[in-house]
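Engineer: Once you've had a glance at the structure underneath, I'll fire off some questions.
Rule-based calculations on the coordinates, nothing more; no lab input. Quick caveat: nothing in here was measured; it's all calculated off a predicted structure. No Cβ is skipped: glycine too gets one built from the backbone with ideal geometry, and neighbour counts run over all protein chains shown.
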């Protein structure tokens with residue numbers, strides 16, 4: 001179902017670390033020390049047609065490789081998305097449950113399933129604009145890769161991807177959900193448009209600078225910092241190791257949330273440190 005693949009979207013894009021001016025690009029050619037060419041593409045996990053209409057350069061790059069990699073290749077089992085026990089009725093007020101029901105309807109999700117989901121996952125999903133189509137940018141690229149008979153691999157397992165915030169307590173997760181329930185749909189749409197503008201401009205530095213501004217006053221500073229470590233720092237190390245391993249073996253197209261490209265621990269820097277020559281390409 002389309003909502004599963006969008007659960008970790010806006011948060012991952014918002015959490016970019018500070019980028020250098022030279023690292024504004026979102027589409028890169030990666031030339032290994034042996035001369036083998038791969039590609040790194042920063043995605044925005046959304047079904048908005050402004051990012052799902054791929055230019056010929058992206059499609060051609062996909063044709064040129066042997067392997068396509070995205071953050072997670074397989075849908076998770078339901079157990080990874082659910083509270084270990086109980087449901088949201090035991091934690092939320094009647095007013096909050098009514099808000100959850102309205103958002104579940106907007107996102108085309110059965111309320112019975114929503115009530116059993118981890119609060120932090122709902123917070124991420126409910127902070128997104130109303131979905132328009134079943135397919136996000138990442139999944140369209142995956143479908144194109146499969147159409148071209150490319151090998152498809154995940155940078156993370158479903159457990160790693162959808163369990164990334166399981167270290168948060170239930171109360172901390174509820175704090176995230178309640179913060180999102182307080183936001184109007186207009187606020188969410190305005191933030192999304194700001195991110196979209198930066199993404200379409202290919203400016204990862206501008207996207208990186210939005211994170212604190214958009215989350216200031218929403219979550220406690222200590223909780224926010226813990227989330228950054230889990231969502232970016234630790235995942236960047238894992239994804240860099242796995243993408244580099246594949247790029248050293250063959251030609252690969254790596255599609256990963258734009259948040260993971262920039263900064264001293266981002267994938268751009270990881271490939272540079274591994275001796276790859278990086279060339280920015282136009283999307």
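Engineer: Do you know the relative contact order of the chain, to the nearest whole percent, from alpha carbon pairs under 8 angstrom that are 6+ apart?
Structural biologist: Details: 436 pairs, mean separation 118.9, N = 283.
Across the chain, relative contact order equals 42 percent.
Engineer: Please list 263-275, 181-193, 226-238 highest first by mean number of surrounding beta-carbon atoms within 10 Å per residue.
Structural biologist: Top to bottom by mean Cβ count within 10 Å: 263-275, 226-238, 181-193.
Engineer: Quickly estimate the mean residue ellipticity at 222 nm for the chain, helices only: each DSSP H run with n ≥ 4 gives -39500 (n - 2.57), and the total goes over all residues, rounded to 500.
Structural biologist: Using -39500 (n - 2.57) per qualifying helix, the result is -13000 deg cm²/dmol.
Engineer: Continuing with this model, one more query. Where both partners of a DSSP beta bridge lie in the chain, what percent of those bridges are antiparallel, to the nearest 5?
Structural biologist: Once the DSSP bridges in the chain are tallied, antiparallel ones form about 45 percent.
Engineer: So the label point goes 7 Å from the Cα of residue 85 along Cα→C-beta, right? Which residues of segment 123-137 then have their backbone N under 12 Å from it?
Structural biologist: Zone members listed by number: none at all.
Engineer: Roughly what would the spin-label model give for residue 193 and residue 167, points 7 Å off Cα along C-beta, in nm?
Structural biologist: About 3.8 nm, to one decimal.
Engineer: Further, regarding this structure: What is the spin-label model distance, in nm, from residue 74 to residue 248 if the labels are put 7 Å beyond Cα along the C-beta direction?
Structural biologist: Using points 7 Å along Cα→Cβ, the separation is 2.5 nm.
Engineer: How far is helix 185-200 tilted, in degrees, relative to the longest principal axis of the Cα atoms in the chain, given as a value from 0 to 90 rounded to the nearest 10?
Structural biologist: Long axis of 185-200 versus the principal axis of the chain: about 0 degrees.
Engineer: Oh, and also: Within segment 142-174, whose backbone N sits under 12 Å from a point 7 Å along Cα→Cβ of residue 230?
Structural biologist: 161-174
Engineer: Let me ask something else. Can you compute the FRET efficiency between residue 50 and residue 146 using 1/(1 + (r/R0)^6), with r the Cβ-Cβ distance and R0 = 22 Å? Round to the nearest 0.05. If you can, show how the numbers build up before the last one.
Structural biologist: Working: r = 24 Å, r/R0 = 1.07.
After rounding, the FRET efficiency stands at 0.40.
Engineer: Once fully extended, how much extra length lies between residue 265 and residue 98, figured as 0.36 nm per residue of separation less the alpha-carbon to alpha-carbon distance?
Structural biologist: Details: separation 167, 0.36 × 167 = 60.12 nm, distance 4.12 nm.
Difference between extended and current length: 56.0 nm.
Engineer: Can you tell me the orientation of helix 234-249 relative to the chain, as the angle in degrees between its alpha-carbon axis and the longest Cα principal axis, to the nearest 10?
Structural biologist: For 234-249 against the chain, the angle is about 30 degrees.
Engineer: Go through 87-93, 74-80 and give me the packing order, highest mean Cβ count within 10 Å leading.
Structural biologist: Averaged packing, sorted descending, gives the order 87-93, 74-80.
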